[in-house]
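Presented below is the structure to which this report refers.
The values are calculated or read from the model by the stated rules, or taken from the named source; none is laboratory data. No experiment lies behind these values; they were computed from the predicted model shown. We place every Cβ from the backbone using ideal geometry, glycine too, and count neighbours over all the protein chains shown.
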Amino acid sequence: MPACPKCGAETDGESAKCFYCGARLRDEPKPAPQPRPLYVPRPEVSTPSQSGGHAWVWVVVGLVVAVVVIVAIVTAVVSSVRNRVRYASAQESAEEVEQSVPASMQFLRTNKQGYEEYTCPRDGAVAIKIPAGTFKMGSTEYDDEKPVHEVYLSEYYIDKHEVTNRQYKKFCDATGRSYPSDPDFLAMPDYFTSYPDYPVVNVSWDDAAAYCRWAGRRLPTEAEWEKAARGTDGRKYPWGNSEPGAGGTYRANYNPGNYTEDGFRHTAPVGSYERGASPYGCMDMAGNVWEWCSDWYDSDYYGRSADNDPTGPSTGSYRVLRGGSWRGNARNVRCANRGGGEPSYRRFNLGFRCAGGR
């Protein structure tokens, strides 16, 4: 057996190192070089290993899913809220429809113009339902009637006739309010108590407003009054565009020149001029007596008026007057003619009618 050249110990002849002293007995052959493998790209897989380099893909996917879920939740919540709002609005609309006829009014008939008429039990008045919609308000005649503008009004009711002496007396007797002073009309003594179906006169705006409250109604707005008078076609007078006395047929109680040509020297019983009815069937909206409206008067108001259900300026010195009277000429009884008076003003050619609804 060969001996270790360093320590002399016997070796097995195969080991490269001495078992006892570790001396090298022979050189180890170098391993043959291995060929370098070619680079092969890692195939893309849909599920990368948890510890691999594609973990960021899962992060992005997770964020996208989270955003989608949040958007879906928000959309569902918003939709639910909208549905509740719509449902509530629908309920409110239904309630408004149910309450559109004041509880005190009772259906009477459909008039020959095709509109519903209702009775008001407290004072016996007949009110006409005016449908919702737009109409042309104003004219180019006078500055305070300009500009002509379109107005939308919700459904409302307006009295067919002006308030009469009979009705106003009932109010005075029930509330203790003073009777209006006598207008001293020629050959018409004790006008208030002796002519029950004629329009009440010598009443202030405050008197008129108090009566309407007592009757369960209110004064009409200026826009409501004009729509009820002229309808939606922009006509000049309630009956159309022909003059009040055209063809020798009088359609209103006004002053043609000598006061009496139309049959009455002063006021006339309400509803005397059937040919003068408005498109809705309202009577005496041209002439007889001026009529109080709820609005404050402003000569420039039309330039800034609201498009929907206007109620006039918030303040003022005068209240609106409409319709002209037995003392005025044809121009004064046009549907668009405007006037105004202090709320305390009383006059022998000044009365009113009531409105309701809305």
Problem set entry | Only listed residue being among the small types (Gly, Ala, Ser) and either outside the structural domain of Gly341 (by TED's automatic domain parsing) or more than 27 Å from Ser104 (Cα to Cα) (or both), chosen from Ala208, Ala215, Ala246, Ala229 | Ala246
Problem set entry | Lone qualifier among Pro269, Pro310, Pro256 - being in contact with a Gly (Cβ under 9 Å, 6 or more places away or on another chain) and either in a loop (DSSP other than H, G, I, E, B) or among the hydroxyl-bearing types (Ser, Thr, Tyr) (or both) | Pro256
Exercise. Which of the following residues is more than 27 Å from the chain's Cα centre (by Cα) and either buried (at least 21 other Cβ atoms within 10 Å of the Cβ) or aromatic (Phe, Trp, Tyr) (or both): Gly341, Gly356, Gly351?
Worked result: Gly351
Exercise. Can you name the strands (runs of 3 or more DSSP E) wholly within the stretch 116-181 that have at least 2 residues being farther than 21 Å from Asn349 by Cβ and of a type in the set (Val, Ile, Thr)?
Worked result: 125-130
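Within the stretch 154-167, identify whether any single residue is surrounded by fewer than 16 Cβ atoms within 10 Å (Cβ to Cβ) and over 20 Å from Gly287 (Cα atoms), and answer yes or no.
Yes, the conditions are met somewhere in the stretch 154-167.
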For this session: Just give me the residues in the stretch 312-323 being over 15 Å from Arg346 (Cα atoms) and in contact with a helix residue (DSSP H, G or I) (Cβ under 8 Å, 6 or more places away or on another chain), in sequence order.
Result: Gly312, Pro313, Gly323
Exercise. For the stretch 325-358, which residues satisfy the criterion of being in a strand (DSSP E or B) and among the hydrophobic types (A, V, I, L, M, F, W, C)?
Worked result: Leu350, Ala355
Exercise. Mind checking whether some residue in the stretch 263-283 is of a type in the set (Asp, Glu), at pLDDT 95 or above and either buried (at least 19 other Cβ atoms within 10 Å of the Cβ) or not assigned by TED's automatic domain parsing to the domain that holds Tyr318 (or both)?
Worked result: no
